[in-house]
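Trainee: Got a structure for you, written out below as structure tokens; questions coming shortly.
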Amino acid sequence: MSNYDSNKRYRWRIIIGQVVLLLACLGIIEYIVRAEIVGSLYLSKPTQVIEEIYKLFADGEIFHHLIVTLKEFAAGYLLSAFTGIATGLFLVLVPHAESFFRPFLSALLAIPKVTIIPLLMLWLGIGLSHKVAIVFLFCFFTIAFNTITGIKQTAEAHLKVARVFEASKLQTIVKVILPSAAPTIFVSLRVSAATGLVGALFGEMVASKDGLGNLLVQATSLYDTAKAFAIITVVTVVSVLIIAAIDLLEKRVVLKWKST
């Protein structure tokens, strides 16, 4: 049997094992709620959650809120990714910039983000800009600090080769520094994607008329546990899909850089 066939069988075994584990967990939850070991006010039956998910999509209620949340997340996340990577490059490549600015960045990082949200409401209102700012704060520092770490891990031998071939500063950044830092940067992008989505939801839960966070608050305020779990499930699936898209982008970008 070839290594390819062996690896393929191994992957299928892993997938089957994961599905079995998931179904077992859902079955246990279904049982303990039906048997009233745990009250339905605190935990909902998976079958009921599936029904609520179907209702949310069948009547179209969730689409508007989903689009609002994704719009807030995308704007804040892309802005934080661009500025975070640019900030990391600036602090490492400009002499003495990191030693000068790092204490200020560390101080800003240490501020609990939830304490700034009331101020953001005062400055920006409760519209789109408010949620974008929250997502940005949840993502920016992780991306910036990981970019700094990744750039510092660039092998000195690679930089020497660039100097030997008389590469310009821009060519050195694009062809040597960024490819070397890419794995660390993409780790931060994955982590920030999850935290950024949480930031958007948190902003909607605090002050918003739309979005999945607002829909979740409505469900919990009415003690509609099944609907609350249905919304949480949708958010989880969206988060997984976003991270999967980042993984796919990483493979394409890193493969392109390696081939270059």
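The values are calculated or read from the model by the stated rules, or taken from the named source; none is laboratory data. In this text, all values refer to a predicted model and were calculated from it rather than measured experimentally. Methodologically, a virtual Cβ is constructed for each residue, glycine included, from the backbone with ideal geometry; neighbour enumeration extends over all protein chains shown. Remember, those area values only see protein heavy atoms, side chains included, never the ligands or the DNA or RNA. Shrake-Rupley method; radii C 1.70, N 1.55, O 1.52, S 1.80 Å.
Trainee: Just to be sure I understand the curve: with the Debye formula and one point per C-alpha of segment 52-104, what is log10 I(q)/I(0) at q = 0.16, 0.19, 0.21, 0.31 Å⁻¹?
Mentor: Cα-only, vacuum Debye calculation for segment 52-104: -0.62, -0.72, -0.79, -1.05.
Trainee: Give me a comma-separated list of calculated 3J(HN,Hα) values for segment 102-119, in order, Karplus coefficients 6.51, -1.76, 1.60 applied at θ = phi - 60°, integers in Hz, x for any Gly or Pro.
Mentor: Once θ is set to phi - 60°, the couplings for segment 102-119 become 4, x, 5, 5, 5, 5, 5, 4, 6, 6, x, 4, 5, 6, 8, 4, x, 5 Hz.
Trainee: Can you give the Rg and Dmax of segment 44-259 based on its C-alpha atoms, in angstrom?
Mentor: 20.5, 68
Trainee: Per residue, how much accessible area does the chain have with a 1.4 Å probe, in Å²?
Mentor: 60
Trainee: Continuing with the same structure: I want to check a number: in segment 132-260, how many lysine pairs have alpha carbons closer than 20 Å, given a sequence separation of 8 or more or different chains?
Mentor: Within segment 132-260, the lysine pair count is 12.
Trainee: Over the chain, what is the relative contact order in percent, taking alpha-carbon pairs closer than 8 angstrom and at least six residues apart?
Mentor: Taking the mean separation of contacting Cα pairs over the length of the chain, I get 25 percent.
Trainee: Is it possible to state the helix-based mean residue ellipticity at 222 nm for the chain, with each DSSP H run of 4+ residues giving -39500 (n - 2.57), the sum divided by total residues, to the nearest 500 deg cm²/dmol? What is it?
Mentor: The per-residue figure over the chain is -28500 deg cm²/dmol.
Trainee: So what J values fall out for segment 238-247 if you push phi through Karplus, 6.51 cos²θ - 1.76 cosθ + 1.60 with θ = phi - 60°, rounded to Hz, Gly and Pro as x?
Mentor: Calculated HN-Hα couplings, in order: 4, 4, 4, 5, 5, 5, 4, 5, 5, 4 Hz.
Trainee: Now, a different point. Ignoring any ligand, DNA or RNA, what whole percent of the accessible area of the chain comes from carbon and sulfur when the probe is 1.4 angstrom?
Mentor: C and S atoms contribute 70 percent here.
Trainee: May I ask you to list the aspartates and glutamates whose Cα is less than 19 Å away from that of residue 131, ignoring any residue fewer than eight positions away on the same chain?
Mentor: Within the straight-line limit of under 19 Å, residue 131 reaches these aspartates and glutamates: 72, 204, 210.
Trainee: Once you charge only the Cβ atoms, +1 for Lys and Arg and -1 for Asp and Glu, what is the size of the charge dipole of segment 115-187 about its Cα centre, to the nearest 20 debye?
Mentor: Charge dipole of segment 115-187: 100 debye, to the nearest 20.
Trainee: Can you compute 3J(HN,Hα) from phi for each residue in segment 29-42, using the Karplus curve 6.51 cos²θ - 1.76 cosθ + 1.60 with θ = phi - 60°, rounded to whole Hz and x for Gly and Pro?
Mentor: With coefficients 6.51, -1.76 and 1.60, one gets 4, 4, 5, 5, 7, 5, 7, 6, 5, 10, x, 5, 5, 9 Hz.
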